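Enquirer: Pasting a structure here, questions to come.
The values are calculated or read from the model by the stated rules, or taken from the named source; none is laboratory data. This one's a predicted model, so the numbers in the text were calculated from it and none came from an experiment. Neighbour counts are summed over all protein chains in view; Cβ atoms, including those assigned to glycine, are modelled from backbone coordinates with ideal geometry.
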Amino acid sequence: MVVWDLNTKDIKIVVSLKEHGGIHSLIYSYYYQIFVTCGYSTYINVYEINPKFHDVTLIGKLSGHTSMLTSI
């Protein structure tokens with residue numbers, strides 16, 4: 001996945017997110033420097049972004065749903 005700055009046309013982040021079965025929905029927060037994703041699983045993943053090194057770290061999983069998630 002690539003995050004672009006559309007004002008400067010520069011690539012900001014290039015990351016590979018590995019989720020079982022793929023990602024249905026993704027939200028990016030510039031202010032908090034996180035990605036929040038959901039997919040075929042019953043939990044939501046929260047990734048912290050390190051813009052200096054252009055990588056992400058899984059920092060949490062939100063669970064409690066009983067079926068797969070299709071949108072955040």
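Enquirer: Which residues, counting only those in the stretch 22-72, are of a type in the set (F, W, Y) and over 18 Å from V3 (Cα atoms)?
Expert: Across the stretch 22-72, the qualifying residues are Y40, Y43.
Enquirer: Scan the stretch 9-49 residue by residue and report those that are surrounded by fewer than 13 Cβ atoms within 10 Å (Cβ to Cβ) and modelled with pLDDT under 85.
Expert: Scanning the stretch 9-49 gives K9, D10, I11, V14, S16, K18, H20, G21, G22, Y30.
Enquirer: Find the residue count for the stretch 28-72, including only residues that are within 23 Å of V14 (Cβ to Cβ), touching a residue at least 40 places away in the same chain (Cβ under 8 Å) and outside any strand (DSSP E or B).
Expert: Total satisfying the criteria: 2.
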